[in-house]
1. Looking at 19, 2, which is the one that is of a type in the set (A, V, I, L, M, F, W, C) and modelled with pLDDT under 95?
2. So residue 7 passes all but one of these: (1) of a type in the set (Asp, Glu); (2) surrounded by 10 or more Cβ atoms within 10 Å (Cβ to Cβ); (3) modelled with pLDDT under 95. Which condition number does it fail?
3. So, of the residues in region 46-64 that are touching a Lys or Arg at 6+ places or on another chain (Cβ under 9 Å) and among the aliphatic types (A, V, I, L, M), which turns out to be nearest to residue 27 (Cα to Cα)?
4. Please enumerate the residues belonging to region 27-73 that are among the charged types (D, E, K, R) and not in a helix (DSSP H, G or I).
Amino acid sequence: MAYITQDAAPSAIIAQRIAGFVKKVITAAERRAVYRTTYAELSQLSNRELADMGMNRSMIKQVAMDAAYGVRG
């Protein structure tokens, strides 16, 4: 005799997928906000202030990406 077991109802599975999607969207929005804030703040600094931090203007985008997404390269 065969038994059919179901761990979760289809509606529960859909709810979990939607919750996971919403969490990803929120995380992406938060990271984008960190990127925008970091980029804006560094862009407002003078070349001298950037140099004091060991940076130049061409590095701003990469530093903001690293701050928000942990990207190096």
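1. Details: 19 fails: modelled with pLDDT under 95.
Checking each option against the conditions leaves just 2.
2. (2)
3. Within region 46-64, the first condition is being touching a Lys or Arg at 6+ places or on another chain (Cβ under 9 Å), and the residues that meet it are 47, 50, 62, 64.
Then keep just the ones that are among the aliphatic types (A, V, I, L, M); that gives 50, 64.
On the way: 50: 29, 64: 16 Å.
Step by step, filter region 46-64, then rank; the result is 64.
4. Taking region 27-73 first, the residues among the charged types (D, E, K, R) are 30-32, 36, 41, 48-49, 52, 57, 61, 66, 72.
Passing the criteria: only 72.
The values are calculated or read from the model by the stated rules, or taken from the named source; none is laboratory data. Computed from a predicted model, the values in this text were never measured in an experiment. Don't worry about glycine lacking a Cβ; one is built from the backbone with ideal geometry, like all the others, and counts go over all protein chains shown.
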